[in-house]
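Undergrad: Sending over a structure as structure tokens; questions will come in a sec.
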Amino acid sequence: MVRRVWIAFIALVVTLIVGTAGLMVTEHLSLARAIYLTVQTVTTVGFGDIEPQTDAGHIFLIFMMLSGVGVMLYFAGLLMAFLIEGQLAGVYWRRKMNKKIQQVQDHVIVCGAGRVGRQVVYRLRKEGAQCVVIEQKEDLANELIEEGFLVINSDATHDETLIMASIEKAKGLISALPEDALNVFVTLTAKGLNPNIQVVARMDHPESEKKLLRAGADKVISPATLSGWRMAMSILKPISVEYLETVIHDHNIEMEMVELKINEGSCLVGETLLTSGIKQQTGAMVLAILRGNQVISNPSAGDGILQGDLLIVLGLRDQLHRLEKLAANLSNCKT
């Protein structure tokens, strides 16, 4: 549609130029009067204050009426269709998008779709997590909409924007805006609207970490620090880094890391890692046990599993599924 509008506009401009030049030659009019009479003709206004005085001028204007008026009407029709259809389509898609967003729950809100935010939403999609993106720049928002994401084209620092993103039903918010001050403001706003939401905030300057934590951020991440660490390790321990990247990013390897909460009644409660059968029956590996504020890294086979523990487990997808079934088996843990 846009291309057709431009072609029609160029055709109209060419018609006006040809008409002006033709009237200047046939009627010997000044440039201003020739443009005036040409516009009168193609717009069908026809005031009659300027009349052709020669036969050549009459014949030329006849061709102008037949061709120029058609070009003008075609351009006006395309322009109106473009404006009306564009507005209607925009209203329709915004309403449809808002309706979908109002229906989501336990989702993650991502504020900012720049270089960092875009990688966040791609990773969330890969992990199967539902997310709602808030991006103020229209071009970036439209790109993500075309990729199938739920997007709100607005300012993430406004209360009404976060409410529109169903923050009261969200389980987490990632503030990946390019300025630390904006991330502080979003964190404060998010915690004010939903005190229980988990907030992960981006920071660029080390001095901003304490401000973000005071604002209520549960975790503060520095992309520059993580990138620097990764680059250094790629030089110092290239084989180990390459292995980790293969495990994490290779689509052919379904290796994943999950957090498994040990709820009341789970058959794993009271067992040790050895007697629980986690390794023997599922093949998954427990990397750490989080117990309140205590972190048991690289736990031994004799470490026990208590109710409320959070197990950090690494394994293939099918191994993790077997572990979830094992943890939920209330009747027979050893089968």
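Undergrad: Would you call Arg118 at pLDDT 90 or above, more than 23 Å from Phe9 (Cα to Cα) and surrounded by 17 or more Cβ atoms within 10 Å (Cβ to Cβ)?
TA: yes
Undergrad: Another question, if that's okay. Please specify each residue of the stretch 17-36 satisfying the condition of being closer than 16 Å to Val71 by Cα and either of a type in the set (A, V, I, L, M) or surrounded by fewer than 17 Cβ atoms within 10 Å (Cβ to Cβ) (or both).
TA: Answer for the stretch 17-36, where residues must be closer than 16 Å to Val71 by Cα and either of a type in the set (A, V, I, L, M) or surrounded by fewer than 17 Cβ atoms within 10 Å (Cβ to Cβ) (or both): Ile17, Val18.
Undergrad: Something else now. On the given criteria, is Leu260 within 20 Å of Gly128 (Cβ to Cβ), touching a Leu at 6+ places or on another chain (Cβ under 9 Å), outside any strand (DSSP E or B) and not charged (D, E, K, R)?
TA: It is false that Leu260 is within 20 Å of Gly128 (Cβ to Cβ), touching a Leu at 6+ places or on another chain (Cβ under 9 Å), outside any strand (DSSP E or B) and not charged (D, E, K, R).
Undergrad: If you check Val91 against the conditions, is it part of a helix (DSSP H, G or I), β-branched (Val, Ile, Thr), surrounded by fewer than 17 Cβ atoms within 10 Å (Cβ to Cβ) and at pLDDT 80 or above?
TA: So Val91 does not fit the description; no.
Undergrad: Could you identify the single residue in Leu78, Leu73 that is touching a residue at least 40 places away in the same chain (Cβ under 8 Å), surrounded by 12 or more Cβ atoms within 10 Å (Cβ to Cβ) and out of contact with any Ser or Thr (no Cβ under 8 Å at 6 or more places or on another chain)?
TA: Leu78
Undergrad: Can you tell me which residue among Glu245, Glu256 is at pLDDT below 90, out of contact with any strand residue (DSSP E or B) (no Cβ under 6 Å at 6 or more places or on another chain), under 23 Å from Gly315 (Cα atoms) and surrounded by 14 or more Cβ atoms within 10 Å (Cβ to Cβ)?
TA: Residue meeting the stated conditions: Glu256.
Undergrad: Out of all the residues in the stretch 170-205, which are exposed (fewer than 15 other Cβ atoms within 10 Å of the Cβ) and touching a residue at least 40 places away in the same chain (Cβ under 8 Å)?
TA: Once the filter is applied, which keeps residues that are exposed (fewer than 15 other Cβ atoms within 10 Å of the Cβ) and touching a residue at least 40 places away in the same chain (Cβ under 8 Å), the stretch 170-205 yields only Pro178.
Undergrad: Does Lys219 meet the test of being within 30 Å of Asp159 (Cα to Cα), of a type in the set (D, E, K, R), touching a residue at least 12 places away in the same chain (Cβ under 8 Å) and surrounded by fewer than 14 Cβ atoms within 10 Å (Cβ to Cβ)?
TA: yes
Undergrad: Enumerate the pairs (first residue in the stretch 116-129 and closer than 23 Å to Pro178 by Cα and in a helix (DSSP H, G or I); second residue anywhere and open to solvent by 30 Å² or more (accessible area, probe 1.4 Å) and at pLDDT below 95) with beta-carbon separation below 7 Å, excluding pairs fewer than 6 apart on the same chain, so at least 6 apart or on different chains.
TA: So the pair list comes out as Val116/Pro223.
Undergrad: Restricting to the stretch 289-305, name every residue that is surrounded by fewer than 14 Cβ atoms within 10 Å (Cβ to Cβ) and either hydrophobic (A, V, I, L, M, F, W, C) or under 32 Å from the mean Cα position of the chain (by Cα) (or both).
TA: Val295, Ala301
Undergrad: Looking at (1) of a type in the set (Asp, Glu); (2) free of Cβ contacts under 8 Å to residues at least 12 places away in the same chain; (3) within 30 Å of Glu207 (Cβ to Cβ), can you tell me which one Glu160 breaks?
TA: Of the numbered conditions (1) of a type in the set (Asp, Glu); (2) free of Cβ contacts under 8 Å to residues at least 12 places away in the same chain; (3) within 30 Å of Glu207 (Cβ to Cβ), the odd one out for Glu160 is (3).
Undergrad: Oh, and also: Pull up the stretch 40-62, narrow it to residues that are under 53 Å from the mean Cα position of the chain (by Cα) and open to solvent by 60 Å² or more (accessible area, probe 1.4 Å), then point me to the one that is nearest to Phe82 (Cα to Cα).
TA: Ranking the qualifying residues of the stretch 40-62, first place goes to Thr44.
Undergrad: A further question on this structure: Over 25 Å from Lys96 (Cα atoms), outside any helix (DSSP H, G or I) and of a type in the set (S, T, N, Q) - does that describe any residue in the stretch 138-154?
TA: No, every residue in the stretch 138-154 fails to be over 25 Å from Lys96 (Cα atoms), outside any helix (DSSP H, G or I) and of a type in the set (S, T, N, Q).
The values are calculated or read from the model by the stated rules, or taken from the named source; none is laboratory data. The shown structure was predicted, so the numbers you read here are calculated from the model rather than taken from an experiment. Glycine gets a Cβ as well: all are built from the backbone with ideal geometry, and neighbour counts include every protein chain shown. Side chains included, ligands, DNA and RNA excluded: accessible areas come from the protein's heavy atoms. Shrake-Rupley method; radii C 1.70, N 1.55, O 1.52, S 1.80 Å.
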